[in-house]
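Taking it in order: structure first as structure tokens, then the write-up.
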Amino acid sequence: MPAKSIMIQGTASDVGKSMICTALCRIFSDDGFKVVPFKSQNMALNSFVTKDGGEIGRAQGVQAEAARVVATTDMNPILLKPKQDMMSEVIVHGKHFLNMDAKTYRNNFVQEAMPIVEKSVRTLQNTYDVIVLEGAGSPAEINLKDRDIANMRMAHLADAAVVLVADIDRGGVFASIVGTLALLDEAERARVKGLIINKFRGMRELLDDGLAWVEQETGIPVLGVVPYLEVNIEAEDSLALSSLRFKKPKPGEFAVDVAMIRLPRISNFTDVDPFFDEPEVGVRLIGKVHELGTPDLLILPGTKSTMDDLAWLKANGFDQAIARLREHGTKIIGICGGFQMLGETLLDPDAVEGNGESAYGLGLLPMETIFVGNKKTVQMTGTRGQDLLTGYEIHLGRTKILRDEVTPFLQLENGREDGAISQDEQVIGTYFHGLFHNRTYTRQLINDIRVKKGLPALPREVKSDAERREDAYNMLASHVRANLDMKKIYELLSIEVSV
């Protein structure tokens, strides 16, 4: 029997679709079902690398973990990663397909994608009990609906009951629900079987009249009102940057000041998430050079276009400011594209990154990077001293150390070496995404800074990242279960359970 399907769509982007899907994946798994997440087409800056080296949206990787299943590219067969204005990298079943502008993608590729997407759906239907589909943006974008393969077309394909999620925190929740439904055609509206009001703050009873009105107006039941919850689960796109716990601390407010530069084409910014959990650590997101100050630790994150973001750094004076921080004693860590920028020379002979020009880097590490068309996506394990570290690589460049002024940062399990670290250990570059999610390494990094500042070290025994993620999934699932009518949701799936 093919899997039962439920689809979470939203009245807009960032209303909480991914979080609701993650919660449902854990709830269905807890209830004994073999459940799998699915999103046909995802546009995301943060991606996830599967065990076989495929690249999918980070949300589907997270949801797979919440569902207690191994992530595969069938869960997100098409991934779009923005590179430049109106240009994205198109990834099909985890591998680079080509770079394409929005018009060409919409006019030429979308119809070609449907057989790919349908095959993935059928594979999942034949393997699992329940599929939790996630929509993208809104299903009511009238200028895009005829080529939208992420919303109602997927609901029809998977024969899914659709639940529409609206964000009350941003205001206009009832207008967004009614307006969305008004812009759907009759067959699409018939798919919508329930409503969820998400991110609620305040007194629940003050909402009752509105709930009764929207149910009467639409004929669709409200399945739950989910109170706002801050839970440490990784985000997938830049909209989430504004809601992360970045701070503009007062002088001396935090013992350790961590700053990350907000590159225009930033990607995999969830690398810094673990610092939010470190005691007495403030994390700042820096978009202008005058905001930089003198942090204890500066992070140069990943980017979808190293050459363009390097040019932006220089045009805005960050190159000189970073050089001054080096002299001041700030620890500087570059990850992936940020690592490439720390070198001396970046070469693009095949125009992989742009027009084929070369560029001078920040010159803090004696390295040369050559961009090649073969994208490297792989899960990694390596060692730094006594620490065993796990992470992943996603990059196009190949980097080599030019002189022995530095040493490799990591010894990898396959005999390779990764990255570079200066002799004074003040400048580090690595392709190792997820480095800071190795919590004992991160605690030691913070302790080194604390000791340097004359502060006592914190205990090195910390809860692992895997344990923290499990706690977060369980907390989210418990919160959502308590505020949704799960009996009704199971009825929508035609599944008989006692809840």
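Things worth noting here:
- Overall, the stretch 368-434 carries a charge dipole of about 360 debye about its Cα centre when +1 sits on the Cβ of Lys and Arg and -1 on the Cβ of Asp and Glu, all other atoms neutral.
- Ligands, DNA and RNA are left out, and with a 1.4 angstrom probe the accessible area of the chain is 42 Å² per residue.
- Under 17 Å from Lys376, Cα to Cα: lysines that are on another chain or at least 8 residues apart: Lys51, Lys81, Lys83, Lys95, Lys304, Lys400
- Listed by chain and number, the lysines whose C-alpha is less than 29 Å from the C-alpha of Lys193, apart from same-chain residues fewer than 8 away, are Lys4, Lys17, Lys34, Lys39, Lys119, Lys145, Lys487, Lys488.
- Taking the helices alone, the chain has a mean residue ellipticity at 222 nm of -8500 deg cm²/dmol, built from -39,500 (n - 2.57) per DSSP H run of at least 4 residues and averaged over all its residues.
- The calculated pair-distance distribution of the stretch 60-170 uses every alpha carbon pair, bins of 5 angstrom beginning at 0, and gives 2, 10, 19, 23, 21, 15, 9, 2, 0 percent.
- Only Cα sites of the chain enter the Debye sum here, all with the same form factor; the resulting log10 I(q)/I(0) across q = 0.07, 0.09 1/Å is -0.39, -0.65, listed in q order.
- Straight Cα distances below 12 angstrom link Lys453 to the aspartates and glutamates Asp257, Asp296, with same-chain residues fewer than 8 positions distant left out.
- For Thr407, nonlocal amide neighbours, meaning residues 5 or more places apart or on other chains whose placed amide H falls under 5 Å from its own, are Ile421.
- Taking the square roots of 5 times each eigenvalue of the Cα gyration tensor of the stretch 256-453, largest first, gives ellipsoid semi-axes of 24, 21, 15 Å.
- Peptides 395-402, 1-8, 18-25 ordered by packing proxy, namely the average of other Cβ atoms within 10 Å per residue, highest first: 18-25, 1-8, 395-402.
- Amide hydrogen proximity for Tyr431: with H placed 1.01 Å from N in the peptide plane, the residues at 5 or more positions away or on another chain lying under 5 Å are Cys336, Gly419.
- Once both labels are positioned 7 Å from their Cα atoms along Cα-to-Cβ, the gap between His156 and Asn355 label points is 4.5 nm.
The values are calculated or read from the model by the stated rules, or taken from the named source; none is laboratory data. Since this is a predicted model, take the numbers as computed values, not measurements. Backbone-built Cβ (ideal geometry, glycine too); neighbour counts: all protein chains shown. These area figures cover heavy atoms from the full protein model, side chains too; ligands, DNA and RNA do not enter into them. Shrake-Rupley method; radii C 1.70, N 1.55, O 1.52, S 1.80 Å.
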